Amino acid sequence: MTEKHPFVDIRHAQKAYGDLEVLKDINLTVERGEIVAIIGPSGSGKSTLLRAINDLDPLSSGEVILDGTQVNKTLPHRQYEKHINQMRQHIGMVFQHFNLFPHLTVRENVTMAPKLLKGISAAEADKLAEEQLAHVGLLERIDYYPSQLSGGQKQRVAIARALAMKPKLMLFDEATSALDPELVEEVNLVMKKLAEEHMTMIIVTHEMDFAASVCDRVIFMDGGVVVEEGPPSVVFKNPTQDRTKEFLRKHL
Ligand code: ADP
Ligand code: MG
């Protein structure tokens with residue numbers, strides 16, 4: 001069924017830190033099930049844009065709409081808290097650093113949010129955790145502590161934790177860039193599997209090969225604007241903008 005509105009709709013996103021304009025009128029839509037890569041030099045605003053999607057880093061102006069509901073609504077404080085907590089349940093986020101709670105087991109890390117935010121029982125949450133850990137190939141580590149896991153395993157737990165909330169959208173911000181090279185592939189494979197299952201994903205990455213093989217569309221950002229976008233086959237092979245060409249010369 002075709003939808004009237006894009007699944008994710010970012011309209012005229014602007015963000016400034018003092019005099020520094022970090023996002024300059026970004027317009028970006030993502031369809032349900034689409035996998036979008038955001039690439040670009042360091043400091044181009046990729047993380048800021050990603051964090052703006054769940055209003056962790058509020059825009060100076062502009063709108064973020066997810067599945068027809070505006071995420072970054074202006075509301076009285078208590079209403080806003082309620083609204084944003086609701087919206088964030090639909091948006092899974094995975095960062096460069098895993099942000100697992102070190103004093104909690106894998107099971108506790110994964111079950112915490114569903115128990116707290118969805119009010120489901122411990123047994124139900126356990127089932128969810130088992131399901132998601134099996135999905136990332138780590139069921140046998142369910143009672144380990146993060147310190148007993150490799151970086152790749154920690155990142156896979158972080159992904160399972162996000163998935164346990166059954167999000168509509170997954171955001172990845174350089175999820176593999178803090179990992180030793182030999183651990184990158186296991187995390188990429190999990191993301192690939194999610195892509196095959198048509199999870200809607202926005203992936204900030206430095207890995208051009210990964211972006212080319214997994215993503216439907218590539219967005220090249222530089223200096224707070226979208227310089228160029230298109231299917232990987234076009235953006236990587238026949239970029240039209242000089243800035244894209246220069247970036248790809250260094251990174252391909
Ligand atoms: P990227 O993820 O593409 O490397 P970022 O979104 O992290 O870029 O940063 C974009 C720009 O915004 C950079 O110039 C960065 O220094 C600046 N910036 C990011 N966060 C802040 C902040 N909290 N305060 C001031 N400047 C910031
Ligand atoms: Mg960044």
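Of A134, A13, A162, the residue with the greatest mean-square motion in the GNM of the chain, using alpha carbon springs below 10 Å, is A134.
Amide H contacts for S60 (H built 1.01 Å from N in the peptide plane; partners 5 or more residues away or on another chain; cut-off under 5 Å): Q14, K15, A16. For the range 134-209, a Kirkwood radius taken over Cα pairs fed into Stokes-Einstein (25 °C, viscosity 0.890 mPa s) yields D = 190 µm²/s.
Other residues within the sphere of radius under 10 Å centred on the Cβ of I91, judged by their own Cβ, net out at +1 (K and R +1, D and E -1). Normalised by residue count, the range 151-252 yields a Cα convex hull volume of 107 Å³ per residue.
Quick one: accessible area per residue over the chain, 1.4 Å probe, rounded to a whole number of Å²? Heavy-atom SASA per residue in the chain reads 48 Å².
Based on Cα contacts under 8 Å between residues 6+ apart, the range 97-240 shows a relative contact order of 19 percent.
Sorted largest first by accessible area at a 1.4 angstrom probe radius, with every protein chain in place, the residues K82, K73, K154 fall in the order K82, K73, K154. With all protein chains in place and a 1.4 Å probe, the accessible surface of the chain carries 50 percent carbon and sulfur.
Near the amide H of R217, within less than 5 Å, lie the amide hydrogens of I35, A37, all on another chain or at least 5 residues away, with H placed in the peptide plane. Summary of the geometry: the range 107-181 and the range 1-62, compared by the centres of their Cα atoms, lie 26 Å apart. Stretching the chain fully between A122 and H97 yields a gain of 6.3 nm (0.36 nm per residue, less the alpha carbon separation).
Taking the DSSP bridge list for the chain and keeping only pairs wholly inside it, about 55 percent are antiparallel.
Computed from Cα atoms, the angle from the helix 77-88 axis to the main principal axis of the chain rounds to 90 degrees. In a DSSP loop and with at most 16 other Cβ atoms within 10 Å, the GluC sites (Glu not before Pro) in the range 23-93 are E31.
Applying 0.36 nm per residue to the separation of Y80 and S61 and subtracting their alpha-carbon distance, the gain on full extension is 5.2 nm.
Peptides 199-208, 113-122, 42-51 ordered by packing proxy, namely the average of other Cβ atoms within 10 Å per residue, highest first: 199-208, 42-51, 113-122.
Taking the Cα centre of the range 97-252 as reference, the dipole from Cβ charges on Lys and Arg (+1) and Asp and Glu (-1) amounts to some 300 debye. Principal-axis analysis of the Cα atoms of the chain puts helix 242-251 at an angle of about 40° to the longest axis. For the chain, the longest principal axis of the C-alpha atoms and the axis of helix 106-118 are separated by about 80°. If only the Cβ of Lys and Arg carry +1 and only the Cβ of Asp and Glu carry -1, the dipole of the range 59-167 around its Cα centre is close to 220 debye. Residues within the reach of a label modelled at D216 (point 7 angstrom out along Cα to beta-carbon, backbone nitrogen below 14 Å), restricted to the range 165-203, are 169-170, 195-203.
Heavy-atom accessible area with a 1.4 Å probe sorts L183, L189, largest first, into L189, L183. Does the chain come out rounded, prolate or oblate by the C-alpha gyration tensor, with a ≥ b ≥ c the root eigenvalues, rounded set by a/c under 1.5 and, if not, prolate when a/b is larger than b/c and oblate if not? It is oblate, given that a/c is not under 1.5 and a/b is not larger than b/c.
The values are calculated or read from the model by the stated rules, or taken from the named source; none is laboratory data. What you are looking at is a predicted structure, and each value in this text was computed from that prediction instead of being measured. For neighbour counting, all protein chains shown are included, and Cβ atoms are generated from backbone atoms with ideal geometry for every residue, glycine included. Each accessible area value is taken on the protein alone, full model and side chains, heavy atoms only, with ligands, DNA and RNA left out. Shrake-Rupley method; radii C 1.70, N 1.55, O 1.52, S 1.80 Å.
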